[in-house]
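Before any comments, here is the structure.
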Amino acid sequence: MAHGSSDTIATVTITEVAPGGDGVAHVEHDGEKRAVFVARAAEGDRLRVRTDFEGRPARGEIVEILEAGPERRAPPCRFAARCGGCDFMHLSLQAQAQLHLAHVKRVLPVPFREVPLRYHAAPRAERYRARARFHVAGSGGRARVGFFAPRSRDLVEVDPCLILDPALDEARGTLGALLSGAAGEGEALIALGEGRKPVLELRWSRDLAAACYARLDAAVTAGAWAGARVFGGAVSRPAVMGDPTPIIDGPDGAPLRLGIGGFAQAHELLNRELATCVAALVPEGQRVVELYAGAGNLTVLLAQKAAQLTAVEDDSGACDAARENLRARGLRAKVSQADANTHAIGDAAQAVVLDPPRTGARAACGAIVKSKARRVVYVSCDPPTLGRDLEILSERFQLVSVDLFEMFPHTSHIEAVALLERRRI
């Protein structure tokens with residue numbers, strides 16, 4: 001948080017933790033009671049806080065912990081206070097679980113709030129991330145690789161990173177030297193590829209120094225990296241070295257290829273449990289439409305039991321990967337490259353499965369309401385948009401169950417699987 005003339009030091013008590021992860025306190029300011037959102041705070045904390053009242057809500061930064069709340073703990077990562085990655089690392093795992101349950105329950109439409117929530121803990125809370133996006137800054141010497149500080153573009157180098165798969169953490173540690181001499185900034189997506197070796201997707205703001213390409217190519221040739229794809233400056237076609245395809249352990253135990261630079265769940269072990277849960281919620285032998293299908297993470301299980309499956313995805317690389325994943329397993333499904341937000345459900349569909357991005361699926365849910373589908377399985381990574389979309393679906397559907405998966409331990413993010421069935425009118 002940038003410090004300004006409007007900053008005030010106040011002593012506050014945190015009364016709750018909001019869905020976004022910040023603690024909430026209330027302060028009298030200029031004759032008005034103001035809510036103050038404080039990053040890295042725990043319920044019951046008594047704090048001295050530097051507060052900026054210019055925005056609404058006001059934002060606070062911890063200056064001193066006067067008295068720790070009952071769920072506060074010493075973070076296992078020494079960078080937790082400065083790094084913007086793990087905003088719940090100062091809380092016990094039990095407190096993290098309780099907050100996620102409470103936050104999801106709060107966003108459910110009122111008629112659905114009595115539906116029981118089932119919680120699935122992560123089998124591993126550290127060294128679990130199989131992919132991560134880093135910010136990189138270069139000024140002619142060794143490039144700096146890390147995460148932004150909370151609500152800031154200040155780059156924080158984290159070495160080691162406690163949540164990364166060890167192979168990815170090792171790759172992160174070498175990337176700065178590989179990009180030595182680069183001027184500008186960029187984003188680096190590091191994931192696991194062939195042979196569980198790291199792959200790199202790099203987007204750089206300016207033309208990248210020739211020596212950087214040479215070092216990256218040498219690292220791939222030597223087998224330290226499986227592959228890299230690099231966009232430097234305004235180029236329309238990237239430089240490709242080796243095979244930069246990310247590969248995860250699929251939910252069926254077989255390798256699942258992804259679109260280069262594409263999306264995948266970060267926690268491979270819990271992803272298998274989530275995908276199995278989704279497939280179990282779809283009855284055998286039905287005609288299914290899957291929206292926002294990606295590279296087929298859910299598709300490869302749905303195709304084993306659906307009488308007919310159409311998987312809809314707008315990214316061409318993900319569609320190609322989905323077709324390859326199905327072919328490798330001897331499975332059949334129609335993979336349609338189209339916008340899931342506007343794709344027609346069709347009168348034949350009996351079930352709809354959707355796994356939208358954080359922005360949710362407002363338009364798709366409107367189409368589902370008008371369809372003849374009897375069952376909906378909605379996978380969400382953002383409780384507020386899930387709540388909004390369930391409100392749309394509530395016009396014709398009843399919420400049956402919600403499963404929560406701790407896909408991102410030590411963060412305020414939670415993955416939810418909601419099952420809905422059409423009400424009889």
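The values are calculated or read from the model by the stated rules, or taken from the named source; none is laboratory data. What you are looking at is a predicted structure, and each value in this text was computed from that prediction instead of being measured. Cβ sites come from the backbone with ideal geometry, for glycine too, and all protein chains shown count toward neighbours.
Say we look at the stretch 147-157 and pick out the residues that are part of a strand (DSSP E or B), in contact (Cβ under 8 Å) with a residue 60 or more places away in the chain and of a type outside the set (Val, Ile, Thr); which of these is surrounded by the most Cβ atoms within 10 Å (Cβ to Cβ)?
Phe147
Please enumerate the residues belonging to the stretch 5-34 that are of a type in the set (A, V, I, L, M, F, W, C), farther than 17 Å from Ala102 by Cβ and either at pLDDT 95 or above or not in a strand (DSSP E or B) (or both).
Val12, Ala25
Determine if the stretch 210-226 includes at least one residue that is surrounded by 15 or more Cβ atoms within 10 Å (Cβ to Cβ), out of contact with any helix residue (DSSP H, G or I) (no Cβ under 8 Å at 6 or more places or on another chain) and more than 28 Å from Glu324 (Cα to Cα).
Yes: one or more hits.
Take the residues in the stretch 329-363 that are in a helix (DSSP H, G or I) and in contact with a helix residue (DSSP H, G or I) (Cβ under 9 Å, 6 or more places away or on another chain); name whichever of them is nearest to Glu395 (Cα to Cα).
That would be Arg362.
Does Arg144 count as surrounded by 15 or more Cβ atoms within 10 Å (Cβ to Cβ), basic (Lys, Arg) and in contact with a helix residue (DSSP H, G or I) (Cβ under 7 Å, 6 or more places away or on another chain)?
Yes; evaluated as a whole, the condition is true for this residue.
Scan the stretch 232-255 residue by residue and report those that are part of a loop (DSSP other than H, G, I, E, B), assigned by TED's automatic domain parsing to the domain that holds Ala167 and either surrounded by fewer than 16 Cβ atoms within 10 Å (Cβ to Cβ) or of a type in the set (Asp, Glu) (or both).
Gly233, Ala234, Val235, Ser236, Arg237, Asp243, listed by residue number.
Could you list, in sequence order, all residues of the stretch 373-425 that are in contact with a Gly (Cβ under 8 Å, 6 or more places away or on another chain) and either basic (Lys, Arg) or part of a strand (DSSP E or B) (or both)?
Ser380, Arg388
Residue under question is Pro57, and the condition is that it be modelled with pLDDT under 95 and either touching a strand residue (DSSP E or B) at 6+ places or on another chain (Cβ under 8 Å) or of a type in the set (D, E, K, R) (or both); does it hold?
Yes: the conditions hold for Pro57.
Please go through (1) under 28 Å from Asp389 (Cα atoms); (2) surrounded by fewer than 18 Cβ atoms within 10 Å (Cβ to Cβ); (3) of a type outside the set (Gly, Ala, Ser); (4) in contact (Cβ under 8 Å) with a residue 40 or more places away in the chain for Pro76 and return the number of the only condition it doesn't satisfy.
Result: Pro76 fails condition (1) only.
Across the stretch 7-60, which residue is nearest to the chain's Cα centre (by Cα) among those that are crowded, with 20+ Cβ neighbours inside 10 Å and among the basic types (Lys, Arg)?
Residue satisfying both the conditions and the ranking: Arg40.
If I go through the stretch 186-224 residue by residue, how many of them are over 12 Å from Pro246 (Cβ atoms) and out of contact with any Gly (no Cβ under 7 Å at 6 or more places or on another chain)?
Qualifying residue count, the stretch 186-224: 16.
Considering only the stretch 398-415, state which residues are closer than 21 Å to Leu162 by Cα and surrounded by fewer than 21 Cβ atoms within 10 Å (Cβ to Cβ).
Thr411, Ser412, His413, listed by residue number.
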